[in-house]
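We did not get these values from a lab; they are worked out from the coordinates using the rules stated. Computed from a predicted model, the values in this text were never measured in an experiment. Note that we place each Cβ from the backbone using ideal geometry, even for glycine, and neighbour counts take in every protein chain shown.
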Amino acid sequence: MGHKLNIDENLFERKPKNYAFPFLCGHKGVRISNYEGGRFECHWHREPEFTLVLEGEMEYQANDRIYHLQAGSGVFVNSNVIHTAWRCGESDCRYMPISFDPVLVYGYENCVIYDKNVSELLCCDSFLSLYLDPDTPGQLAILDSCRRLAQLRQDNSPVRELLIKAELCRLWAELDSEYRRVREAGSAGAPPKIISRIKYALVFMEENYREKLTLDEIAASCNISKSEFCRCFKQLMHQTPFDYLMRLRVRKSLPLLLDGGMSMTEISAASGFSNPSYYAEVFRRYMDITPTGYVRQQKGAK
């Protein structure tokens, strides 16, 4: 337990920076169960990201799309897309994330590759995410390329970075082909305007979850009516604003519980709940276990 993303108040993930070679690959795999509550938080980043499931299964959400990922499949998430993932029931999942600055593919802005194969793809509203199906040849090629990148990441060859760069170019060529196929098919997700508005609401709740928030206040944070806000939120997040807020408060309480330095009354207040009884009720509703049972479970797992 205890794996945590470095996410700021705007839900932006601050990834480790390597300006000399901006490429990150979790080649050993990450377990979804290592995140508090078996879920990593909603976040976004500028780098496009590929995720390959190595073992098990999980639910993965990118903006309004939810994908059921199983071993051998994966997902591509484009730049600036809000995404989160969670475990399926009691099952675990080990997955490999790969993210990189596309500059490794195109070299410099306004070159032919940037104009022809990168800039439009990164900004396309109909290509915000893509399920990678191992039974689809073009998508299997992307998954295979991810596996080769993981192998190269472990290589100590003096030409490792050159080989990774070459593989990234092959990966991007396959991705570009999928992008053109999707664009021609004309599929699209939630309108960008809705996504942008709901981002404001998510950030507002992240910053103010300890307060006694009302639906009117949350809707006002993105400058739309309460009814329109509820409709847009449900369309994008597949849950009500109230459900999201309660899950957020429960998730924020987990490290306080495991730290052991606060009473249940103090934890409930610090997490935005009116009293410890209501906190325990909501906790059990979303975690299928009591707060004290969760602490015993996590301590027993260590």
Query raised in the report: Percent relative contact order of the range 192-301, based on C-alpha pairs within less than 8 angstrom and at least six residues apart?
Result: 22
Report summary line: Rounded to two decimals, the Debye log10 I(q)/I(0) of the chain (Cα scatterers, no solvent) at q = 0.13, 0.14 Å⁻¹ is -0.99, -1.12
Report summary line: CD proxy, 222 nm, the chain: helix-only mean residue ellipticity via -39,500 (n - 2.57) per DSSP H run with n ≥ 4, per residue, nearest 500, stands at -14000 deg cm²/dmol
Report summary line: With the 8 Å Cα cutoff and a minimum separation of six or more residues, the chain has a relative contact order in percent of 15
Requested in this report: Please label the shape of the range 140-212 as rounded, prolate or oblate, based on the square roots a ≥ b ≥ c of the eigenvalues of the alpha-carbon gyration tensor (a/c under 1.5 means rounded; beyond that, a/b larger than b/c means prolate, else oblate).
Outcome: oblate
Requested in this report: State, to one decimal in nm², a quarter of the convex hull surface area for the C-alpha atoms of the range 217-302, i.e. the direction-averaged projected area.
Outcome: 6.5
Query raised in the report: Treating the beta-carbon of each Lys and Arg as +1 and of each Asp and Glu as -1, no other charges, what is the dipole magnitude of the range 163-209 about its Cα centre, to the nearest 20 debye?
Result: 180
Query - Histogram of C-alpha separations across the range 23-185, 10 Å bin width, % - result: 10, 40, 36, 12, 1
Requested in this report: Place a +1 charge on the Cβ of each Lys and Arg in the range 23-185 and a -1 charge on the Cβ of each Asp and Glu, then give the dipole magnitude about the Cα centre in debye, rounded to the nearest 20.
Outcome: 360
Report task. Have a look at Gln298, Ser196, Cys222 and report the one farthest towards the positive end of the charge dipole of the range 192-301, computed about the Cα centre with Cβ charges (Lys/Arg +1, Asp/Glu -1). Result -> Ser196
Report task. Starting from the eigenvalues of the Cα gyration tensor, five times each then square-rooted, give me the equivalent ellipsoid semi-axes of the range 121-164, largest first, whole Å. Result -> 26, 15, 7
**Report entry** Environment charge at Arg94 (Cβ cut-off 13 Å; Lys +1, Arg +1, Asp -1, Glu -1)
**Finding:** 0
Report summary line: In terms of the alpha carbon gyration tensor, root eigenvalues a ≥ b ≥ c, rounded if a/c is under 1.5 and otherwise prolate when a/b exceeds b/c or oblate, the range 147-264 is oblate
Query - Charge dipole (the chain, unit charges on Cβ, about Cα centre) - positive-most of Leu149, Val250, Tyr114 - result: Val250
**Report entry** With Cα atoms, 0 to 90° folded angle of helix 276-287 axis to the chain main axis
**Finding:** 30
Report task. Quote the charge dipole size of the chain about the Cα centre in Debye, to the nearest 20; the model charges only the Cβ of Lys and Arg (+1) and of Asp and Glu (-1). Result -> 560
Requested in this report: Find how many whole Å separate the alpha carbon centroid of the range 151-189 from the alpha carbon centroid of the range 63-110.
Outcome: 13
Report summary line: Rg from C-alpha atoms of the range 1-73, normalised by the globular rule of thumb 2.2 N^0.38 Å, equals 1.16
Query raised in the report: Which whole number in µm²/s is D for the range 97-185 by Stokes-Einstein, with the Kirkwood Rh taken over Cα pairs at 4 °C and 1.567 mPa s?
Result: 93
Query raised in the report: For the range 23-185, what is the relative contact order in percent, using Cα pairs closer than 8 Å and at least 6 residues apart in sequence?
Result: 25
